[in-house]
Structures are given as structure tokens and as C-alpha cells.
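Below is one structure, written out as C-alpha cells; the observations come after it.
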Amino acid sequence: MELNDQQRSSRMIRLATVGVVLYGAVAPVLTIYRVATVPIDTVRVLPALIFTICYLPPHIRNVLYAARGERPPRSLWTVGVMMALIISAIPVAGIDWLGALYALAASVLLVIPPPLSFFTFAGVAAALVPLASVSGHLEWAISLVLDALFLALSLALLTWVIATARQLHEARLELADQAAVRERIRIDRDVRRTVGVELEGIVEQGTRAAALTGNPDAADAELRALALRSRATLTAVRRRIARGLSASDGDR
């Protein structure tokens, strides 16, 4: 079955939402991969995996809400919990774990109202420099900051685009529904105005026919004329409604 524009738009928005959620998981997965690329050390990999499992669900929740153009309940608490989990894992997971801050930076942009979100985002990105220095890898600072800017900003921008597309789609549906209601009201008024006279004439003719009970021939002729007039009026009403509904569907 062929999809109309609204159905195609709705499907594309759903697919884009799934895509942005998967993209939101890229930084956490890459972080675990970086931690695990050194000779396998369960002292580092296992904590990284556990902490990722803990902070990833609230991060994905933030992305989903933002893609719908909404702010999740208790969003500041969510960001605070993510920050606490990620920072507390740095001593045991090592320098490679700093990539987890990319997800935190993206969530900050998505759920905290601006301009506070921009200052917080800048603070998270800037914090990578001293954290890299403390970890003994200051030379990684620029790379970490640039990666944070790219991954977090790209995720936030994609999510905002999807949210805007969703809002436009919903506004279009609402306008289409309003247009359909207005068209049906117009059809109703048109039918009342044009067919109302005919219906009143039919009622009068029926009254005359009822008054001719003493003259069967005249009553029979009047009833036949009444039946023909009623059929003609009904046919006209059906044609008007069909034309009106076709025009309404064409506009949508």
C-alpha cells in the first residue's frame, strides 16, 4: 500500500530517532573499546563496563526526550547522577575513560535550558584538560577536547533537527485536521443553504398530499411528484457531499 506524505514523514522521523539514539551510544561504546584496547586488564575493563551500564540508560533517555522536543523529568538530577558515575570511574578506568565525558557533554546540551547548558558544556569540555594532566597524558588534552566538541555537538544538533521536524510534522497534522473540520462545516452550511429550500418544499408538498385524502387521484399524483422530488433532492445532496469530501481529501 502506497504511503502518503504524512505517513512517509512520520516513518522517517521514527527512523531518524532510532538512528540518533544509536549514535548517542557511539561514545560510550568507543570508550569501552579504548579501555579494552590495551592488554586485557579486568581491573580497568570491568569497572568501565559496569559504570557504562549505569550511566548509558539515563543518557539514552535524555536523547529520546530531546528528540521529542521535551525535557525529561528531573533532568538536572539525571545529569548530576551521570556526572558522579563518570567522574568516580576515572581513577579505576584510566585516561581512556575520559571519553565517557562526551556523552555527559551531549546530555548537558540536550536537557539543561540555555544559556546554562552552554556554560556547563564548556565547563565539561574544559575539564578534560586538567583531568588529562592529572592522568599523566596532557598531550591528549587537545584531542579529547576536540572529540568532545565534535561528538557532543553533532549529537545535540541531530537531536534538535529531529525535534524540529517532529514539531513541524505535528503542526502539519493539526492544520490538516483543522482544514478538514472547516471544510465539513462549509459543506454542512452549503447543504443547509441550498438544499434547505428543497426540503421545506418537500414538507409543504407532503402536507398538501395529506390534505387530499378525500381525492385519491389527486393525492396519488401529489405523492408521485413528492417521491420524484425527494429522489432528485437526495441525489443532489449526495453529489454535493461527494464533491466537497473529494476537494477536502485533495487539499490534505
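One table, with the values for the structure above:
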quantity	calculated
Of the criteria (1) over 17 Å from the mean Cα position of the chain (by Cα); (2) more than 16 Å from T31 (Cβ to Cβ), which one V111 fails	(1)
Unique match (being at pLDDT 85 or above and under 28 Å from L76 (Cα atoms)) among V161, V134	V161
Filter result (in a helix (DSSP H, G or I) and open to solvent by less than 70 Å² (accessible area, probe 1.4 Å)) within region 61-82	N62, V63, L64, Y65, A66, A67, S75, T78, V79, G80, M82
Region 95-136, residues that are within 24 Å of A36 (Cα to Cα) and in a loop (DSSP other than H, G, I, E, B)	S135, G136
Per-region count, region 51-78, residues at pLDDT below 90 and among the β-branched types (V, I, T)	1
Test set (1) part of a helix (DSSP H, G or I); (2) open to solvent by 50 Å² or more (accessible area, probe 1.4 Å); (3) modelled with pLDDT of 85 or more; (4) farther than 23 Å from A16 by Cα - E139 fails condition number	(3)
Of residues in region 162-193 being open to solvent by 80 Å² or more (accessible area, probe 1.4 Å) and in contact (Cβ under 8 Å) with a residue 12 or more places away in the chain, the one nearest to R8 (Cα to Cα)	R172
Meets criteria (in contact with a His (Cβ under 8 Å, 6 or more places away or on another chain), open to solvent by less than 70 Å² (accessible area, probe 1.4 Å) and at pLDDT below 90) for I90	no
Residue satisfying condition, being open to solvent by less than 20 Å² (accessible area, probe 1.4 Å) and either over 30 Å from the mean Cα position of the chain (by Cα) or not polar (S, T, N, Q) (or both), within set L116, L144, L157	L144
Filtered residue count, region 207-221, keeping only those that are surrounded by 14 or more Cβ atoms within 10 Å (Cβ to Cβ) and at pLDDT 70 or above	1
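The values are calculated or read from the model by the stated rules, or taken from the named source; none is laboratory data. Being a predicted model, the structure only gives us computed values, none of them experimental. Every residue, glycine among them, receives a Cβ derived from its backbone with ideal geometry; neighbour counts consider all protein chains shown. Side chains are part of the model used for accessible areas, which takes the heavy atoms of the whole protein and leaves out ligands, DNA and RNA. Shrake-Rupley method; radii C 1.70, N 1.55, O 1.52, S 1.80 Å.
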